[in-house]
Amino acid sequence: MRAWVAIGVTSLTASFSLAADLPERDLIDLPRPATHATFPEPDLTEVLLGQKLFYDPVLSGNKTIACATCHHPSLGTSDGMSLSIGDGGSGLGPARKLRDGETVGARIPRNAPALWNLGARDVTVMFHDGRVATDPTAPFGFQMPPDRPLPGPVDSVLAAQAMLPVLSAAEMAGQAGENPVADAVDKNDPFAAWALLAARVTAIPEYRQRFTTLNGSGTITMPDIANAIAAFIAYEFRAVNSPFDRYLAGDDTAMSAQAQQGMALFYGQAGCSGCHAGLLQSDQGFHAIGTPQIGPGKGGEVPYGDTGRHLVTGALVDFYRFRTPSLRNVTQTAPYGHAGAFATLTRMLLHHMGPIDSLMTYDRSQARLHPLPLNDFAALDDEVELLDIAAANELSGIDLEEAEMRAILAFLDALTDEASLHGRLGVPDSVPSGLAIDQP
């Protein structure tokens, strides 16, 4: 891979004109509208239990960080940063700081993904690299990392995903020597770490009573906890009433003329729907589009690199491929890209227009990073790594006039469900552990 040379790295372009008339919906291959029927029927007892667990720091090794810390509704269910500070920090998003006396050896290596519609039945893959996925041939029906096998059945791929952040030293577990959960993770014993966390929850009377009400048993396992968190996310973070959904349901006035023109481009000549397809604007596939690599990376040919899907499959074809994100509420979820390299949606669209030029001339001031004494641009300073990212690019550029860009951006804005942005239940005032919770 490192022997690749810079051949074929220029963009292919095409241009076209923005039609003056509104598009005929019958001439565009549009998805069906998203509705509440897109999701499993919720058990509200489990949803309310999951709400408490989602915001409760009791699930982190040092009891200082919750799922909500990096996926807060006030920040679009992400945290507004390119790369997050997990364990060792306090506060939310841009205001997050290191706790007194704490040091962080590295940032969390990938952008915290938004949670919108992850509980939909159609969603089958999780994480930027798809390392958790629905797989009928896998134990309990879900593919997991080899060193993180499920200890028992879970209800959904979203619940399978919820099992893993608690095992990440940088995210929630903490460092070896700080707490028993981190020590178990350091010994590569996920079952022990999950059991310790389940025991913590079991020791809290309110949680024990809530789980007993839910399943008739006082026994609580980590899959039980993950199921409740997933039920909450699926219920809470739904974006199914955007102007686009109303348009698809038959209301021709739901979107502005500019957004409708952008929709015609998106599903037509601009080719956006080649990857952003389906009900939630994601083919759930993996594509290499030349996005800049910043931060510590997840590994690859160099430690500060991130070869994406290749780290899961080992296949050469998967170098630098990352999952296509859904675009629901996308205007609320900046920064963009697997490492959050692009600060605005306009910059992300410009990258799609000319990925190689964008990669090679990347403006590092776009990166939204907490000030830490770390080398966040090592991959971009490595010429061979940079050319490898460019050579793997699969995305042909496309020329857009300014009016066409604005139309596509207007369509992306029409994917915003305003009523969904603060969640359906909101942030609780307290959690059963009594620990402090993150408030906007």
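The values are calculated or read from the model by the stated rules, or taken from the named source; none is laboratory data. Worth saying up front: this structure is predicted, and the values here are computed from it rather than measured. Heads up, the Cβs are rebuilt from the backbone with ideal geometry, glycines too, and the neighbour counts pull from every protein chain shown.
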When restricted to ALA414, ALA379, ALA392, the only residue closer than 27 Å to ALA34 by Cβ, crowded, with 21+ Cβ neighbours inside 10 Å and at pLDDT 95 or above is ALA414
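Residues that are assigned by TED's automatic domain parsing to the domain that holds ALA403 and aromatic (Phe, Trp, Tyr): does segment 282-291 have at least one? Give the derivation first.
Step one: list which residues in segment 282-291 are assigned by TED's automatic domain parsing to the domain that holds ALA403, which gives 282-291.
Next cut, aromatic (Phe, Trp, Tyr) only: 286.
Yes: segment 282-291 contains one or more residues that are assigned by TED's automatic domain parsing to the domain that holds ALA403 and aromatic (Phe, Trp, Tyr).
I'd like to verify a number: residues in segment 31-47 that are farther than 24 Å from ASP155 by Cβ and at pLDDT 95 or above, how many?
Of segment 31-47, the ones farther than 24 Å from ASP155 by Cβ are 31-33.
Within this subset, residues satisfying the condition of being at pLDDT 95 or above are none.
Residues meeting the conditions: 0.
So, ASP79, is that one under 22 Å from LEU327 (Cβ atoms) and at pLDDT below 95 or not? Talk me through it step by step, then tell me what you get.
On the way: under 22 Å from LEU327 (Cβ atoms): yes; at pLDDT below 95: no.
Taking the combined requirement at face value, the residue does not satisfy it.
Identify, please: which residue in segment 197-233 is of a type in the set (S, T, N, Q) and assigned to a helix (DSSP H, G or I) and is, among those, farthest from THR38 (Cα to Cα)? Steps first, please.
Of segment 197-233, the ones of a type in the set (S, T, N, Q) are 202, 209, 212-213, 215, 217, 219, 221, 227.
Restricting the remaining residues to those that are assigned to a helix (DSSP H, G or I) gives 202, 209, 212-213, 215, 227.
Numbers: THR202: 33, GLN209: 31, THR212: 29, THR213: 27, ASN215: 25, ASN227: 18 Å.
By that ranking, first place goes to THR202.
Might you let me know whether segment 48-56 holds any residue that is modelled with pLDDT of 75 or more and farther than 30 Å from SER74 by Cβ? Give the derivation first.
Kept after step one, since they are modelled with pLDDT of 75 or more, are these residues of segment 48-56: 48-56.
Add one more test, that the residue is farther than 30 Å from SER74 by Cβ, and what stays is none.
No.
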Within segment 153-211, residues hydroxyl-bearing (Ser, Thr, Tyr) and either in contact (Cβ under 8 Å) with a residue 60 or more places away in the chain or in contact with an Asp or Glu (Cβ under 7 Å, 6 or more places away or on another chain) (or both) come out as SER156, SER168, TYR207
Of the listed residues (THR333, THR291, THR253), the one being touching a strand residue (DSSP E or B) at 6+ places or on another chain (Cβ under 6 Å), more than 20 Å from ALA403 (Cβ to Cβ) and not acidic (Asp, Glu) is THR333
Flagged in segment 154-196 as part of a loop (DSSP other than H, G, I, E, B), buried (at least 22 other Cβ atoms within 10 Å of the Cβ) and among the hydrophobic types (A, V, I, L, M, F, W, C), in numbering order, are VAL154, MET163
Condition set touching a residue at least 40 places away in the same chain (Cβ under 8 Å) and surrounded by fewer than 22 Cβ atoms within 10 Å (Cβ to Cβ), scope segment 309-318, selection farthest from SER420 (Cα to Cα): answer is LEU316
GLY250 meets each of (1) without any contact (Cβ under 8 Å) to a residue 24 or more places away in the chain; (2) farther than 21 Å from VAL58 by Cα; (3) in the same structural domain as LEU150 (by TED's automatic domain parsing); (4) of a type in the set (Gly, Ala, Ser) with one exception, condition (3)
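Determine whether ALA259 is surrounded by 18 or more Cβ atoms within 10 Å (Cβ to Cβ), outside the structural domain of ALA407 (by TED's automatic domain parsing) and assigned to a helix (DSSP H, G or I). Show your work before the answer.
On the way: surrounded by 18 or more Cβ atoms within 10 Å (Cβ to Cβ): yes; outside the structural domain of ALA407 (by TED's automatic domain parsing): no; assigned to a helix (DSSP H, G or I): yes.
So ALA259 fails the test.
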